[in-house]
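Each remark here refers to the structure printed beneath this line.
Nothing in this text is a laboratory measurement; each read-out follows from the coordinates by a stated rule. Everything quoted here is computed from the prediction, not taken from an experiment. Neighbour counts are summed over all protein chains in view; Cβ atoms, including those assigned to glycine, are modelled from backbone coordinates with ideal geometry.
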Amino acid sequence: MKKLFTLLFLSASIAVNAQPKLLSQAMITTKTMIASPDGDDAPAQTITSADGEVRTIRFGGDGETKTTTWLKNDLTKTFSESEMGRTTTIRDNSKKITTTIMEMMGKKTGVYSTDEDQAEMRKRMDSMMKSRGQNVTLNSGSATPPVYSVVYIDENKKIAGYACKKALIISKRSDRTDTTQVWYCPDFKLQNLPNTGGMAAGFGGFNTSSSPTGMELLNGFPMQYERKMNRGRHMTVEVTKLVIDKDIADKEFEISKDIEIKSVKEMQSGSGGGAIIQMRAGG
């Protein structure tokens, strides 16, 4: 009986130790690469600043985005830099508020939104796309919400100095099945941060409260993943540096007083000034 109790105790201890530790502080540097097939004609954006300066950039084509994310308890700050400009997003999970500061053509525009505001924006965008005959939603890419599952594979490699394991995240919808290859570190997960980089940075941080992507199901933190996108594009996201043994200063989440922050409703009404972004299909 004593041996049986000991074996049961050891088995329970191993099971507990196998669970990833939940960390509430970290700094993560991530690189996102999007590659388009030859001949791809990415949608273009015409950006007109408040003083009338016009610039056209292509959205979703080839390119690299560098992202640094700071996490401290309920606060998350993400700084992203690409050819489109610079974006700083501060998320307060306790208050359910996201503040985004966009830097384009030397101008800084600040906007904050609640989770309810973001849900309403996604609803309007979905309605607009459906009215154009596109049967998709902004987050899932399909009118049917996906169902996610994870398949763990016995392969190992190191990323940014951390021992990682391989997994496949399978997304099933009524019309198709997609697979994302992921390398994750099984030692820890990050509070309120299922992953970094990817398309969230590219959309200016307005998807921080969006629907699940399957990453939250992983038994660890994703350090690298590859995903197929529309128009035959391919996205690779990789953590290049991860610091989890240092305290994150409170000042990292402070917003400069010289930046005027308006609500997303004010910006939508046209009273916010700043840059106006117009989407044009094709090129």
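Could you list Trp70, Trp183 in order of exposure, starting from the residue whose Cβ has the fewest other Cβ atoms within 10 Å?
Least crowded to most crowded, the residues run Trp70, Trp183.
Over 27 Å between C-alpha atoms is what I'm after, so list which of Lys95/Lys130; Lys95/Lys157; Lys108/Lys246; Lys21/Lys165; Lys165/Lys251 land there. Walk me through the numbers on the way to the answer.
Details: Lys95/Lys130 32 Å; Lys95/Lys157 38 Å; Lys108/Lys246 30 Å; Lys21/Lys165 16 Å; Lys165/Lys251 35 Å.
Going by Cα-Cα distance, Lys95/Lys130; Lys95/Lys157; Lys108/Lys246; Lys165/Lys251 fall outside the 27 Å limit.
Need the list of aspartates and glutamates near Lys96 for cross-linking: C-alpha distance under 16 angstrom, and skip anything on the same chain fewer than eight residues off.
The qualifying aspartates and glutamates are Asp74, Asp115, Glu116, Asp117, Glu120.
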